[in-house]
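FYI, it's all coordinate maths here, none of it is from the lab. The model shown is predicted, which means the values in this text are computed figures rather than measured ones. Here the Cβ positions follow ideal geometry from the backbone for every residue, glycine too, while neighbour counts run over all protein chains shown.
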Amino acid sequence: MAKVFDVVRSESAERVRAGEYVEIHSIILKPGERAPQVPEDTQRVPLELRIKGYLDHDAFVGDEVTITTVLGRKVKGQLVAVNPPYPHSFARPVPELLHIGEELWRLLGARGVKEVREGDEP
Amino acid sequence: MISGTSYAEVMARRHDIMKSAVGIDYEKFETGAIAFDYEGMMDEVGYTLEEIHAIQEETSVGRTPLVELRNITEVVRRISDPGRGARILVKDESANPSGSFKDRRASVSVYCAKNKGYPGVIAATSGNYGAAVASQAAKRGVKCIIVQETYDSKGRGQPEIIEKGRACEAYGAEVHQLTVGPELFYVFLRLLEETGFFNASLYTPFSIAGIETLGYEVGTETLRATGRYPDAVIVTHAGGGNVTGTARGLRKAGCRHTQVIAASVDLTGLHMASDTDFNRKSFTTGHTGFGIPFATWPDRADVPRNAARPLRYMDRYVTVTQGEVFYVTEMLAKLEGMERGPAGNTSLAAAIAIAREMDRDQVVVVQETEYTGAGKHPYAQLSFAREMGVEVMRGDPRENVPGKRIVIPEHPSQIRVKEVPLVDIRRSYIRNALSHAKGRQISIEDIRFLAEDTNSTVAFVEETIRELEGGEGRG
């Protein structure tokens with residue numbers, strides 16, 4: 001069954017050349033094979049693996065392929081992405097954190113921030 | 001020899017696999033149904049403090065700055081009773097090569113692997129330890145595999161873990177990224193068998209000995225900087241190694257009266273192996289999901305006998321909330337000009353609450369920081385939490401509910417610690433020890449060991465056993 005997966009779709013129609021840096025995916029344990037102590041929500045899904053390396057032979061995204069890892073080891077799996085980006089970032093500033101610095105400096109009554117005294121207008 | 005690779009078959013071989021992958025004959029230290037010779041294991045297998053210093057100097061690990069947090073101390077004094085508000089210092093462990101104290105652990109394991117002639121090292125970790133092992137392996141020219149628990153079943157990963165995976169790849173490691181589940185250990189065992197690499201476990205005597213230098217530096221450098229040994233050292237607690245190694249190092253530095261206080265982020269209610277809870281934790285380490293199980297049963301680790309035995313060393317165990325840790329992370333950046341953490345700032349959050357109880361002339365030391373980066377940042381982690389449906393708001397951190405609501409304090413006086421009663425942890429440990437002994441005869445040697453391992457007394461252990469047995473009888 002197809003998985004919800006971040007496959008780089010735009011490249012799916014193009015041949016990926018041997019030697020390209022790719023990511024592969026495989027199922028390590030199917031739902032019925034999971035460890036007995038695993039909670040129910042996890043029991044229902046497979047244990048999956050993703051790993052990167054250099055493609056051993058030309059292929060298309062979705063094909064079963066072999067890669068050579070950075071350590072020179074051979075690993076088999078389904079080709080899912082070509083040189084995938086790292087998706088993480090610093091994200092947007094979080095409004096709930098934005099004023100903490102000025103609040104604390106105000107508490108210290110320093111750095112040009114007027115100290116708020118009792119009775120002052122907010 | 002042909003061996004099966006099913007989950008059950010591989011798990012059945014775990015002891016043999018682990019034995020050859022760390023080169024330690026753990027059996028020779030066994031002394032009873034429960035007892036084993038802990039100090040004997042540490043002495044024989046570990047290294048002396050001088051040896052560790054030499055190993056760590058070769059790869060530029062340790063001797064990190066001890067920084068006095070003057071503005072944070074001032075904030076604490078403004079919100080404390082007169083005469084209260086201890087000086088707060090932090091050991092800036094982010095100055096280690098890969099950005100955390102974990103380099104201390106990795107340095108010794110990788111040295112050891114190379115020394116013993118293993119072709120490479122493997123570590124199973126989603127945390128800073130992976131980057132540390134990969135970095136140390138790069139320095140010593142050793143091959144490195146890191147196995148991470150990274151994604152949920154929808155292929156989504158916490159930004160913090162994605163960043164740690166990236167860091168491992170940056171240092172040249174082969175990174176195996178798995179979905180949620182404790183079977184990560186099974187994958188790990190298969191890789192050990194397949195490659196013959198060294199198990200750079202977090203829980204070997206090498207790893208713990210590597211942290212002793214941190215405790216030693218905290219003790220001696222605090223004395224030099226302030227004229228006194230630390231009155232309290234706050235340690236972010238997860239698997240127990242940080243508490244164990246730091247406390248052992250403090251003792252070696254002559255700190256006889258320093259309180260060792262463990263601190264974890266409270267993640268009560270979230271299941272660590274749950275596919276749905278996985279991305280709602282907002283913390284990947286330093287939390288109670290590791291802290292409590294590893295305190296109540298350390299031998300759940302990836303080696304037969306865990307060298308990290310935190311109950312021996314903690315004088316007090318407290319928790320803080322997620323929101324409090326994000327708040328103090330912001331405080332550290334804005335008041336001290338240090339962008340660090342967030343997870344490593346768990347102990348800083350606890351220190352702020354604890355310093356308020358202490359006198360002004362006392363000194364409290366937060367013994368670590370960790371690097372901050374893309375993904376490993378309050379903005380990234382809180383944005384991700386929101387995407388996962390977790391509410392983020394300002395308010396009283398007592399309203400914080402792990403996995404549902406992260407409450408960022410509105411004022412530093414709202415930062416509090418919650419005590420974890422050590423007596424409960426000790427009882428729970430003893431119950432686990434008895435159940436693992438599986439009905440074998442418990443000797444006085446075992447009782448003495450349990451007293452040592454729980455930092456209690458023979459009388460307490462005997463009484464607890466009587467209670468437990470009585471409870472079963474009535475049950």
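Placing +1 on each Lys and Arg Cβ and -1 on each Asp and Glu Cβ, with no other charges, gives region B:225-302 a dipole about its Cα centre of roughly 460 debye.
Ranking A:Val94, B:Gly219, A:Val22 by how far each Cα lies toward the positive end of the dipole of the protein assembly as shown (charges on Cβ) leaves A:Val22 at the top. Derived scalar couplings between HN and Hα for region B:96-104 equal 6, x, 9, x, 7, 5, 4, 4, 5 Hz in order, rounded to whole Hz, by the Karplus curve 6.51 cos²θ - 1.76 cosθ + 1.60 (θ = phi - 60°), x for Gly and Pro.
Annotation: aspartates and glutamates with alpha-carbon distance below 17 angstrom to B:Lys91 (same-chain offsets under eight excluded): B:Glu68, B:Asp103, B:Glu212, B:Glu217, B:Glu221, B:Asp231, B:Glu336, B:Glu339, B:Glu368, B:Glu370. Taking one quarter of the surface of the C-alpha convex hull of region B:423-474 gives a mean projected area of 3.3 nm². Karplus-based coupling profile of region B:304-313, in residue order and whole Hz: x, 10, 7, 7, 8, 10, x, 5, 4, 10, with θ = phi - 60° in 6.51 cos²θ - 1.76 cosθ + 1.60 and x standing for Gly or Pro. Any of A:Lys74/B:Lys139; B:Lys28/B:Lys438; A:Lys76/B:Lys281; B:Lys28/B:Lys102; B:Lys116/B:Lys143; A:Lys30/B:Lys281 with alpha carbons more than 22 Å apart? Name them for me. Those over the limit are A:Lys74/B:Lys139; A:Lys76/B:Lys281; B:Lys28/B:Lys102; A:Lys30/B:Lys281. Between the alpha-carbon centers of region A:42-88 and region B:28-104, tell me the distance in whole angstrom. Spelled out, the Cα-based centre of one part sits 39 Å from the other. Placing unit charges on each Cβ (+1 for Lys and Arg, -1 for Asp and Glu) gives region A:9-82 a dipole about its Cα centre, and among A:Phe60, A:Pro39, A:Leu79 the Cα reaching farthest toward its positive end belongs to A:Pro39.
First check a/c for the protein assembly as shown, with a ≥ b ≥ c the square roots of the eigenvalues of its C-alpha gyration tensor; if it is under 1.5, answer rounded, and if not, answer prolate when a/b is larger than b/c or oblate otherwise. Oblate, since a/c reaches 1.5 and b/c is not below a/b.
Between the listed residues B:Val22, B:Ile447, B:Phe206, the Cα displaced farthest toward the positive end of the dipole of chain B, a dipole computed from Cβ unit charges relative to the Cα centre, is found at B:Phe206. Basic side chains Lys and Arg get +1 at the Cβ, acidic Asp and Glu get -1 at the Cβ, and with that the dipole of the protein assembly as shown about its Cα centre reaches some 280 debye. The helix-only estimate of mean residue ellipticity at 222 nm for chain B, built from DSSP H runs of length n ≥ 4 each weighted as -39500 (n - 2.57), is -14000 deg cm²/dmol after division by the residue total.
Is chain B rounded, prolate or oblate when judged by the Cα gyration tensor, a ≥ b ≥ c being the square roots of its eigenvalues, rounded requiring a/c under 1.5 and prolate requiring a/b larger than b/c? It comes out rounded by the Cα gyration axes. Residues B:Asp396, B:Asp231, B:Asp81, ranked from the fewest to the most other C-beta atoms within 10 Å, line up as B:Asp81, B:Asp396, B:Asp231. The overall shape of region B:1-53, judged from the alpha-carbon gyration tensor, is oblate: a/c is not under 1.5, and a/b is no greater than b/c. Karplus-derived 3J(HN,Hα) values for region B:110-118, using 6.51 cos²θ - 1.76 cosθ + 1.60 with θ = phi - 60°, are 5, 4, 5, 4, 5, 4, 8, x, 6 Hz; glycine and proline are entered as x.
Positive contributions from Lys and Arg (+1) and negative ones from Asp and Glu (-1), summed over other residues with Cβ under 11 Å from the Cβ of B:Thr204, come out at +1.
Here the contact order of region A:9-82, divided by its residue count and restricted to Cα pairs under 8 Å and six or more residues apart, works out to 39 percent.
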